[in-house]
1. Using beta carbons and a limit of 6 Å, which pairs, at least six apart or on different chains, have the first residue in the range 396-420 and closer than 26 Å to residue 457 by Cα and without any contact (Cβ under 8 Å) to a residue 60 or more places away in the chain and the second one assigned to a helix (DSSP H, G or I) and open to solvent by less than 20 Å² (accessible area, probe 1.4 Å)?
2. Can you tell me which condition residue 441 does not meet? The list is (1) open to solvent by 60 Å² or more (accessible area, probe 1.4 Å); (2) of a type in the set (Ser, Thr, Tyr); (3) modelled with pLDDT of 90 or more, and all the others hold.
3. Considering the range 444-475 alone, what residues qualify as being within 14 Å of residue 301 (Cβ to Cβ), open to solvent by less than 60 Å² (accessible area, probe 1.4 Å) and of a type in the set (D, E, K, R)?
4. Test each condition in (1) under 16 Å from residue 432 (Cβ atoms); (2) assigned to a helix (DSSP H, G or I) for residue 321 and report the one that comes out false.
5. I'm told residue 415 meets every condition in (1) in a loop (DSSP other than H, G, I, E, B); (2) under 21 Å from residue 317 (Cβ atoms); (3) within 23 Å of the chain's Cα centre (by Cα) except one. Can you identify the failing condition by its number?
6. Let me spell it out: the conditions are (1) open to solvent by 40 Å² or more (accessible area, probe 1.4 Å); (2) under 26 Å from residue 437 (Cβ atoms); (3) not in a helix (DSSP H, G or I), and residue 352 meets all of them except one. Which number is the exception?
7. Quick check on residue 198: is it buried (at least 23 other Cβ atoms within 10 Å of the Cβ) and among the small types (Gly, Ala, Ser)?
8. Please state which one of 282, 269, 254, 265 is open to solvent by 40 Å² or more (accessible area, probe 1.4 Å), at pLDDT below 80, of a type in the set (A, V, I, L, M, F, W, C) and farther than 17 Å from residue 152 by Cα.
Amino acid sequence: MSINLVTLLYLVASVCFIQALKGLSHPTTSIRGNAFGMAGMAIAMVTTAVLIVRLIDDAGTGATLLLAGLVVGGGIGTVMAQRVAMTRMPELVAFMHSMIGLAAVFIAIAAVAEPHAFGVAPRGAPIPTGNRLELMLGAFIGAITFSGSVIAFGKLSGKYRFRLFSGSPVQFPGQHLVNLALAVGAVALGALFLTSESWPAFFGVVAIAFVLGVLIIIPIGGADMPVVVSMLNSYSGFAAAGIGFSLNNPMLIIAGSLVGSSGAILSYIMCRAMNRSFISVILGGFGGEAVTASADAAQRAVRSGSADDAAFILGNAETVILVPGYGLAVARAQHAVKDLAAKLVERGVTVKYAIHPVAGRMPGHMNVLLAEAEVPYDQVFEMDEVNGEFGQTDVVVVLGANDVVNPAAHTPGSAIFGMPILEVSRARTVIVNKRSMAAGYAGLDNELFYMDKTMMVFGDAKKTVEEMVKALDQV
């Protein structure tokens, strides 16, 4: 395979990646975007595999190992993707980010150990200073991405008792000073590596990066995990791009830059949606004090009702807005909710869906669930589009959402003060479906649940909504 053909195929793959990002920007074109992404990755993988085999001296052994790696890695990825539930998709994304980061570290170590094998420097010659900087940055960002993603995985999973995987912020005295000292140490060792090509200095930088990745993520609470996932996605892209420069691989540079820049833009958008500082997010310093629900939350009176009660209210409404949240995802109630909306539309009710930018556990979580149920796109509205309509809405049905509808966002001193929310409390009537009165990721009691206009309907979202659909026939 000639270098011209390799360059051409890499260019085609890059165009596919750009088209993938463009397609994924809207639900109506997301399938096409995924197709472009898969096609681009397939072209890049095959081209790189063929190129590597041709460059290996012992082509037989090299080709066998390469093929084995592709089969094993591709097989594991396929099985994981098929088995993962939609509610566990954020954990899978965090796991993939960790693997990208670790791969960047291993490639950087191999390139520093045998630079001639990667075309970085002639055999026996020192690595150029520019390449040392690129390899060091790629390894540093990759190590932070790996260890940070492991912590994010544990926090998102919520299944592990290990303290660092706690959903609440993990903080200790002098934490910021420790981070600063480690960062200064990494800079000093990095400077030593650049000037002397010292192996201990290089490994010191990598070791510090692994520790920093943990310390950056542990002070971040579960409520902010969607931003963390997006941030780590950006880190993984920049790590790949840094390695790509050292290896003179345009595919890694382009793909890594696309992932890094798009992840950074998404992180910025989400920071605005959560009233967070973008710079603080990039530096991992926006974890707040852990906040717990008030001790007497369980003693406060709420107005509760049944699915039949909710159906009666809905059947007599003219306008209804449905607000899906993580509880809907856990119960896989999206199809039942679509049936409920269809029943209401048949009765002449105007139905809309309201989506908060960080609803669920990762960006776009609710949009994907509704798309899976084939909910019409013209019924789905983002927060900025629908917030002005709640005041004229007869009934809002909140399904498993909590922090994104919590009026505490308007209360100075609250952990979520200033966070833009769906203003459901302005509707005439609010129906909230939850399994219990448990607090959301932010650990805050929700004043919405105690309002006179609110009726709580406790139970599994899918079962409750199905009962509402049946009850509507009797209204």
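The values are calculated or read from the model by the stated rules, or taken from the named source; none is laboratory data. Just so we're clear, the structure is a prediction, and the values are computed from it rather than from any experiment. Heads up, the Cβs are rebuilt from the backbone with ideal geometry, glycines too, and the neighbour counts pull from every protein chain shown. Side chains are part of the model used for accessible areas, which takes the heavy atoms of the whole protein and leaves out ligands, DNA and RNA. Shrake-Rupley method; radii C 1.70, N 1.55, O 1.52, S 1.80 Å.
1. Matching pairs, first to second residue: 407/448.
2. With respect to (1) open to solvent by 60 Å² or more (accessible area, probe 1.4 Å); (2) of a type in the set (Ser, Thr, Tyr); (3) modelled with pLDDT of 90 or more, residue 441 is out only on (3).
3. Answer for the range 444-475, where residues must be within 14 Å of residue 301 (Cβ to Cβ), open to solvent by less than 60 Å² (accessible area, probe 1.4 Å) and of a type in the set (D, E, K, R): just 445.
4. (2)
5. Result: residue 415 fails condition (2) only.
6. (2)
7. On the way: buried (at least 23 other Cβ atoms within 10 Å of the Cβ): no; among the small types (Gly, Ala, Ser): yes.
No: the conditions fail for residue 198.
8. On the way: 282 fails: farther than 17 Å from residue 152 by Cα; 254 fails: at pLDDT below 80; 265 fails: at pLDDT below 80.
Within the list 282, 269, 254, 265, the selection yields 269.
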